[in-house]
Amino acid sequence: MKLVFAGTPEVAVPALDALLASGRHEVAAVITRPDAPAGRGRRLVASPVAQRAEEAGIEVLKPARPRDEGFLARLREIAPDCCPVVAYGALLPKVALDIPARGWVNLHFSLLPAWRGAAPVQHSLMAGDEVTGASTFLIEEGLDSGPVYGVVTEDVRPTDTSGDLLTRLAFAGAGLLAATMDGIEDGTLKAVPQPVDGVTLAPKIQVEDAHVDFAAPALRVDRVVRGCTPAPGAWTLFRGERLKLIQVTPLPERTDLAPAELAPGKNNVYAGTGSYAVELLWVQPQGKKPMKAADWARGVRIAPGERLGA
């Protein structure tokens, strides 16, 4: 088939690479979000998908909006059979959905109908799922509600962050997307409607959602930290300034600390929760680089009974 691939961030690059390497389909062009400011100088930088496409000598389309007439006209000229999508980052209007003969097929990082939306991996971790995965489905106008072509599953490891899990799913999902394109072309794959039961939503994680409540149980604290790492970053307050929490570990054997109460040791620092303590392993004070929590604790000289939070 002639394909036009739509994607933007680094997590979409493995899927593009898989399609380029398959040798079976032609990736005629790539659609990605416009260049965005990045770094201290806020220079405009092309997306990771755009950079990979340019390396491969593929035409790159960067519409400000997918309904722009110039973009739609060019897509009609290319006349793709199918448009595979991974984390493109913009809603596709019906006028665009109708162009490829075999539609737009999205690689979504959850086992649909669970976790429809922008942040499925983060929500899966924060909810304590033990198994997650990726799905390919035919895009329709509803939110991640189209019929499913295929899935792969992935076990959630006890120390996974959303970054860890998303990296594994990006590579597993790349193979799934390539296989889905093959199955669509040769007629061996039929999309199956999603069940009406089991629908959960995964909206974008806001900074406020990443605030850690130490009155919650230790397992909840751990899940929020892992789910919000690396972005947007779990955080609390210490002496009125934001403290990012990069890694913690629950300690069921320690129950002597009140919620948010800090207890520094020689090479450790602990914090109480609504159940038992967690050990703070890596933190990032406001305006500073990430550091071991024990080094941070020595530097700030935590007073007896001092607590995290407002």
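The values are calculated or read from the model by the stated rules, or taken from the named source; none is laboratory data. Here the structure is a predicted model, which is why all the values come from computation and not from measurement. Glycine also receives a Cβ, built like all others from the backbone with ideal geometry; neighbour counts cover every protein chain displayed. All accessible areas refer to the heavy atoms of the entire protein, side chains included, with ligands and DNA or RNA removed. Shrake-Rupley method; radii C 1.70, N 1.55, O 1.52, S 1.80 Å.
Before moving on, here are some points about what is shown:
- Given charges at Cβ of Lys, Arg, Asp, Glu: the chain dipole, positive-most of Val300, Pro195, Pro66: Val300
- Whole-number percent relative contact order across region 1-94, with pairs defined as alpha carbons under 8 Å at least 6 apart: 41 percent
- Relative contact order (%) - criterion: Cα under 8 Å, at least six apart; region: the chain: 13 percent
- Net charge over other residues, Cβ less than 14 angstrom from the Cβ of Val49 (K, R count +1; D, E count -1): -3
- In region 118-213, trypsin sites (Lys or Arg not before Pro) in a DSSP loop with at most 13 other beta-carbon atoms within 10 Å: Lys190, Lys204
- Charge dipole (the chain, unit charges on Cβ, about Cα centre) - positive-most of Leu237, Gly133, Cys83: Leu237
- If the segment from Arg67 to Glu54 were pulled out straight at 0.36 nm per residue, it would be longer than the present Cα-Cα gap by 2.3 nm.
- Simple Cβ-charge dipole of region 128-184, Lys/Arg +1 and Asp/Glu -1, about Cα centre, in debye nearest 20: 180 debye
- Full extension of the segment from Asp197 to Asn268, taken as 0.36 nm per residue of separation minus the current Cα-Cα distance, would add 21.0 nm.
- Per-residue Karplus couplings for region 62-68, computed as 6.51 cos²θ - 1.76 cosθ + 1.60 with θ equal to phi - 60°, are listed in order as 10, x, 5, 9, x, 9, 4 Hz, Gly and Pro entered as x.
- Cα centroid separation, region 244-290 to region 77-123: 40 Å.
- Amide H contacts under 5 Å for Leu61: Val30, Ile31, Thr32, restricted to partners 5 or more places along the chain or on a different chain, H placed in the peptide plane at 1.01 Å from N.
- Computed over protein heavy atoms with a 1.4 Å probe, the accessible surface of region 188-310 works out to 55 Å² per residue.
- Region 31-140: relative contact order as a whole-number percent, Cα under 8 Å and 6+ apart: 20 percent
- Of Lys244/Lys289; Lys244/Lys292; Lys94/Lys204; Lys244/Lys288; Lys2/Lys190, pairs whose Cα-Cα distance is over 21 Å: Lys94/Lys204
- Couplings for region 270-284, taken from phi via the Karplus curve 6.51 cos²θ - 1.76 cosθ + 1.60 with θ = phi - 60°, read 10, 9, x, 9, x, 10, 10, 6, 10, 8, 7, 9, 9, 9, 9 Hz in order; Gly and Pro are left as x.
- Build a GNM of the chain with springs between Cα atoms under 10 Å apart, and of Thr167, Thr255, Thr180 the one that fluctuates most is Thr255.
- The chain: most fluctuating residue of Gly103, Gly198, Gly117 per GNM, C-alpha cutoff 10 Å: Gly198
- Anisotropy class of region 198-310 from Cα gyration tensor, a/c 1.5 cut: oblate
- The portion of the accessible surface of the chain made up by carbon and sulfur, rounded to a whole percent, is 53 (1.4 Å probe; DNA, RNA and ligands excluded).
- Annotation: amide H-H contacts under 5 Å for Glu154 (H modelled 1.01 Å from N, sequence separation of 5 or more, or interchain): Thr132, Gly133.
- For the chain, the share of DSSP beta bridges that are antiparallel, to the nearest 5, is 70%.
- The residues neighbouring Ala310, those whose beta-carbon lies less than 15 Å from its own, together hold a net charge of -2 under the Lys/Arg +1, Asp/Glu -1 convention.
- Shape call, region 1-102: gyration tensor on alpha carbons, a/c limit 1.5: oblate
- Taking the Cα centre of the chain as reference, the dipole from Cβ charges on Lys and Arg (+1) and Asp and Glu (-1) amounts to some 1180 debye.
- Between the amide H of Trp282 and those of Ile246, Gln247, Ala293, distances stay under 5 Å, these residues lying 5 or more places away or on another chain, with hydrogens modeled in the peptide plane.
- Gyration tensor verdict on the chain (Cα atoms; rounded if a/c is under 1.5, prolate if a/b is larger than b/c, oblate otherwise): prolate
- Under the span-like rule (Cα at least 18 Å along the axis, Kyte-Doolittle mean at least -0.5), DSSP H helices of the chain: 162-186
- Top of Gly173, Gly274, Gly265 by mean-square fluctuation, Gaussian network on the chain, Cα under 10 Å: Gly265
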